[in-house]
Amino acid sequence: MISHHVLFWLKADTTTEQKIAFRNSLQTLENIEVVKTFHIGTPAPIERAVVDTTYTFSLVLFFEDLAAHDVYQVHPLHKAFLDEFRGLFERVIIYDAQ
């Protein structure tokens, strides 16, 4: 099993409409056949010194194996998301774990 956790910090001038479109496009990634588990989130209202709540969106995906992860990376829906929304990223951090 491979987990793929992506944290997105969108630029400060990102509009509400752009954030809605961004989230809607993230949602399309659930349709990629190799995605086993899928979750989109925003920071939970938890205040602890070890909890980072500075990001805009969180995307968590689980894949059966590394081969499935690799299929996801080149899938047309994933590429379309990146092509359309990469310009809104201020920062992105990815944590992949097995």
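Since every read-out is calculated from the coordinates, none of them should be taken as a lab result. From a predicted model like this one, the values you see are computed outputs, not experimental measurements. Note that each Cβ is placed from the backbone with ideal geometry, even for glycine, and that neighbours are counted across all protein chains shown.
Picking from I46, F22, A68, whose Cα lies most toward the positive end of the charge dipole for the chain (charges on Cβ: Lys, Arg +1; Asp, Glu -1)?
I46
Which residues does a label at S58 reach in the range 82-98, if reach means a backbone N under 19 Å from a point 7 Å past the Cα toward the Cβ?
90-98, by backbone N distance to the label point.
Straight-line reach from K19: which lysines have Cα under 21 Å away, leaving out those fewer than 8 places along the same chain?
The reachable lysines, counting only those whose Cα sits under 21 Å from K19, are K11, K79.
Starting from the 7 Å offset along Cα-to-Cβ, what nm value, one decimal, do you get for the label separation of F38 and A67?
2.2 nm
How many nm separate the modelled label positions at A12 and V51, each set 7 Å beyond the Cα in the direction of the Cβ?
With each label placed 7 Å out from Cα toward Cβ, I get 2.5 nm.
Using θ = phi - 60° and the Karplus relation 6.51 cos²θ - 1.76 cosθ + 1.60, list the HN-Hα couplings for the range 32-37 in order, rounded to whole Hz, with x at every Gly or Pro.
Rounded to whole hertz, the list is 6, 4, 8, 6, 8, 9.
At 0.36 nm per residue, and after removing the present C-alpha to C-alpha distance, how many nm does the segment from V74 to N24 gain when stretched out fully?
Roughly 16.0 nm would be gained on extension.
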